[in-house]
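Everything on this sheet refers to the single structure shown next.
What follows is calculated from the coordinates using simple rules that are stated; it is not laboratory data. Quantities reported herein were computed from a predicted structural model and do not represent experimental measurements. So basically every Cβ, Gly included, is an ideal-geometry build from the backbone, and we count neighbours across all protein chains shown.
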Amino acid sequence: MTGAEILIESLRREGVEVIFGYPGGQVLPLFDTLYDADIRFILTRHEQAAAHAADAYSRATGKMGVCLATSGPGATNLTTGIATAYMDSIPMIAITGQVKTHLIGNDAFQEADVTGITRPITKHNYLVKDAKDLARIVREAFHVASTGRPGPVLIDIPVDVQQKDVEFVWPEEVAIRGYKPNYYGHPGQIKKAAKLIASCKKPVLYVGGGVVTSGAAGTLRELAEKMNAPVTWTLMGIGCFPSTHKLSLGMLGMHGTAYANHAIMESDLIIAVGARFDDRVTGRIDAFAPYAKVIHIDIDPSSISKNIKVHIPIVGDAKNVLGQLLEELTKVPETSDWLKTLEGWKKKSPLTYKAEGKLKPQYVIEQINEATGSEAIITTEVGQNQMWAAQWYTYSHPRTFLSSGGLGTMGFGFPAAMGAKVGCPERIVFDIAGDGSIQMNIQELATCVCNKIHVKVAILNNGYLGMVRQWQELFYKKRYSHTCISGPDFVKLAESYGAVGIRVTKKEEVRPAIEKAIATENTVFIDFHIEPEENVFPMVPAGEAINHMIEGLA
Amino acid sequence: MKHTISVVVENKFGVLARIAGLFSARGYNISSLAVSETLDPATSCMTIVVEAEDERILEQIKKQLNKLVDVITVTDFTKKEHADRELMLVRINYTPKDKHALTGLLEKYSAKIVQHTSDSAIIEAAGGQQQIKQLLQGLEAFGIKELVRTGRIAMAY
């Protein structure tokens, strides 16, 4: 078999059904093999979009997303997408072509040191120098990407390796001596944690993307209900606990709910599960959760005690460890007073917005929520659109809110919607976008129309790079330096690609437009002209303690 | 405070870059680094001396190293009884009239002259941190013209 055939056969054996990518000179043998392969190939209009689509395919389905690009510029275009997946611990395989082995290092045409460039943004990467290693490397790459704390793995394959004829040997097992993730919590630590839980009075479960990854949502709910403890989540944790549940506190942090942030600040025990105490969550770190002991459950030991001091570290898979805790927990804490206090805060300071004035983005998202029965997959761009989408849609299931949390990549949402729709064709997929972000990968209209990937895009069009403008308004004396941004006529643009465009300027047009978009068998852009200077509240200014919120607890 | 860590890694191209990249990306300072093959030619040993302000940073460094797929073991010598040594070559000003004074000093530190010309000599010395430091102080009297050090290597008792 040729190297190219070995690669495709290996991908097939790993269960790959779809690849997002773009051809080029140094992947010609691969594309020649793909021509006859029973793997769906989706030709994007930019490699960055291929990476985001593969990433979101992973996020939405739990299966491995794969993207493919040529050497040099093809590979460097993937990097933003790879870094996005890396920061959010998303399993993904990126395959790149490379110049012939004897030309590597010679500054050949379309050559870049791709393993060098991607070293800090991949979980691991490989330069394949011999076709005989290829099957083993693919097997290892899938294993490394999907186990432990997941992440993207890149395989760089020189064109002569793709052409080389060698025997195909599929390794039965993966053996990497330096890689042995720990899946079960240490029994001693579990005992200690159970003891601490039994005696606490104001517990808070603080949960993140790790719960989604490990499929621990059900176990989390069991534990929360057994403990009668409130649950707050990070942006990445959205969907891992039903937001309509009585123990739900919503999202915490910079744009979290006031009551979630106050709960953290008053809590005497924080149980962190698959979350990493990111600066957007903790605010001023030395003021964070002053009265709380911390139990931290994470599969990545380096996440524990990185940002804050942890009293009981438990290294392991979230689902397993929560299961162990459930078993160990014979005595549960008395939390009724605590829940009463929280109920009071919820009533006093709910998430809110002023409905009067021009069309409000929060209203648009509420309407999308109602029209889709809270059952759509929502992707977002980055900025205000992302925060409103996090605050105003009702999420009840994991893998339904797909957003670039760690890297904060503008241009993520549209190709992500595409990847999610390919993975879950029966679902309604909405990208909640801004007029700035959508322009960063707008060329994917062609991919969607051409491949009949019918996603819906709600552009919250305020004529600004809204989040940066908000910061300029609040902290830079309204000096709107280069945040006023123009765009095309989105309706005409969509139409020119063969998609459908709808413009909405009034409140009464919102719901019919959403209904029409859902009913339309095509990709639809809805251009919502919203209040230009609407802000995302509540908000913790950078460097403040998280209970010092603008428009926070009344 | 300086800490000595030894890291056994897969002996493959690019591994040194991974380790060095980890240190630079996270802002940790490497004071010295010594790399060579071990008994098993499939692995290399890197002895790294790092500057870490506190225990927490040292812990992070070790955890981050362990996270790399190509890293097999990480040993921190901070709280372990161990031997550590360093090799250095020093070029000093030297004329035959210095011979007596120099020989005494070199004997004390088990150092020796590798080569000399009419006005300079290259001294070779291996030893622990204190030894090397004291020898260097002694050699200053002659005038040090050039200095090359391998960085520390270590082995647990």
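Enter the Cα centre distance for the pair the range A:388-435 and the range B:1-31, rounded to the nearest angstrom.
Measuring centre to centre over Cα atoms gives 37 Å.
Between the range A:17-82 and the range A:478-498, how far is it from one alpha carbon centroid to the other, in angstrom?
28 Å
Rg/Rh for the protein assembly as shown: what does it come to with C-alpha atoms and Rh from Kirkwood?
Radius of gyration relative to Kirkwood radius: 1.04.
Can you sort A:412, A:41, A:109 by how many other beta carbons sit within 10 Å, fewest first?
Fewest-to-most ranking of A:412, A:41, A:109: A:109, A:41, A:412.
Quick query: amide H of residue B:31 versus all other amide H atoms, modeled in the peptide plane; which residues come in under 5 Å with a sequence gap of 5 or more or a different chain?
Here the answer is B:49, B:50, B:51, since their amide H atoms fall under 5 Å of that of residue B:31.
In which sequence would A:92, B:88 go, from the one with the fewest C-beta neighbours within 10 Å to the one with the most?
With the fewest neighbours first, A:92, B:88 line up as B:88, A:92.
Check each of the GluC sites (Glu not before Pro) in the range A:284-388 and keep only those in coil by DSSP with at most 16 other C-beta atoms within 10 angstrom; list them in order.
Of the GluC sites (Glu not before Pro), the ones in loops of the range A:284-388 whose Cβ has at most 16 other Cβ atoms within 10 Å are A:334, A:356, A:375.
Using a Gaussian network for chain B with springs between C-alpha atoms less than 10 Å apart, which of these wobbles most: B:60, B:129, B:115?
Result: B:115 has the largest fluctuation of those listed.
Report, by chain and number, residues whose modeled amide H sits under 5 Å from the one on residue A:233, excluding near sequence neighbours (fewer than 5 apart, same chain).
So residue A:233 has HN proximity to A:207, A:250, A:251, A:252.
Which ³J(HN,Hα) values in Hz, rounded to whole numbers, follow from the phi angles of the range A:164-172 under the Karplus curve 6.51 cos²θ - 1.76 cosθ + 1.60, where θ = phi - 60° and Gly and Pro get x?
4, 9, 9, 6, 8, 10, 8, x, 5
For labels at residue B:130 and residue A:477 in the simple 7 Å Cα→Cβ model, what's the distance in nm?
Taking the two extended label points, one gets 6.2 nm.
Mind checking the mean number of beta-carbon atoms from other chains within 10 Å of the Cβ atoms in A:118-125?
Mean shielding count: 3.
I need A:448, A:67, B:45 ordered by Cβ neighbour count within 10 Å, fewest first.
Ordered by Cβ neighbours within 10 Å, fewest first: B:45, A:448, A:67.
Less than 13 Å apart at the alpha-carbon level, and either on another chain or at least 8 residues along: which aspartates and glutamates does that give for residue A:226?
Hits, sequence-local ones excluded: A:327, A:328, A:334.
Take the alpha-carbon centre of the range A:245-314, take the same for the range A:141-203, and report the distance between them in whole Å.
With the range A:245-314 and the range A:141-203 each reduced to a Cα centre, they are spaced 25 Å.
From the cross-link list B:2/B:80; A:180/B:63; A:180/B:62; B:2/B:79; A:195/A:293; A:195/B:67, which pairs have alpha carbons spaced over 19 Å apart?
Too far apart for the 19 Å limit: A:195/B:67.
Just to be sure I understand: if I project the alpha-carbon convex hull of the range B:7-137 onto a plane and average over all orientations, what area do I get in nm²?
One quarter of the hull surface, i.e. the mean projection, equals 10.4 nm².
Step through the residues of the range A:143-158 one at a time and calculate ³J(HN,Hα) from phi using the Karplus curve (6.51 cos²θ - 1.76 cosθ + 1.60, θ = phi - 60°), rounding each to whole Hz and writing x for Gly and Pro.
Karplus-based 3J(HN,Hα) across the range A:143-158 equals 5, 5, 5, 9, 10, x, 7, x, x, x, 10, 10, 10, 9, 10, x Hz.
Report the label-to-label distance for residue A:355 and residue B:83 in nanometres (one decimal), using points 7 Å from each Cα along the Cα→Cβ vector.
The answer from the label model is 8.2 nm.
In chain A, once you exclude exposed trypsin sites (Lys or Arg not before Pro) (DSSP loop, at most 10 other Cβ within 10 angstrom), what's the longest stretch remaining?
My reading of the result: A:1-308 is the longest stretch.
Non-local amide H neighbours of residue A:41 (under 5 Å, H modeled in plane, Pro and chain starts lacking H): which ones?
Result for residue A:41 returns A:19.
Using the Karplus curve 6.51 cos²θ - 1.76 cosθ + 1.60 with θ = phi - 60°, work out ³J(HN,Hα) for each residue of the range A:464-469 in order, rounded to whole Hz, and write x for Gly and Pro.
Those phi angles translate into 10, 7, x, 5, 5, 4 Hz.
Just tell me how shielded A:257-268 is by partners: mean number of partner chain Cβ atoms within 10 Å of each residue's Cβ, no decimals.
0
Given A:428, A:481, A:457, which one lies farthest toward the positive end of the charge dipole of the range A:361-529, if we put +1 on the Cβ of every Lys and Arg and -1 on the Cβ of every Asp and Glu?
A:481
Mean projection of the alpha-carbon convex hull of the range B:82-156 over all orientations, in nm²?
Average of the hull's projected areas for the range B:82-156 equals 4.6 nm².
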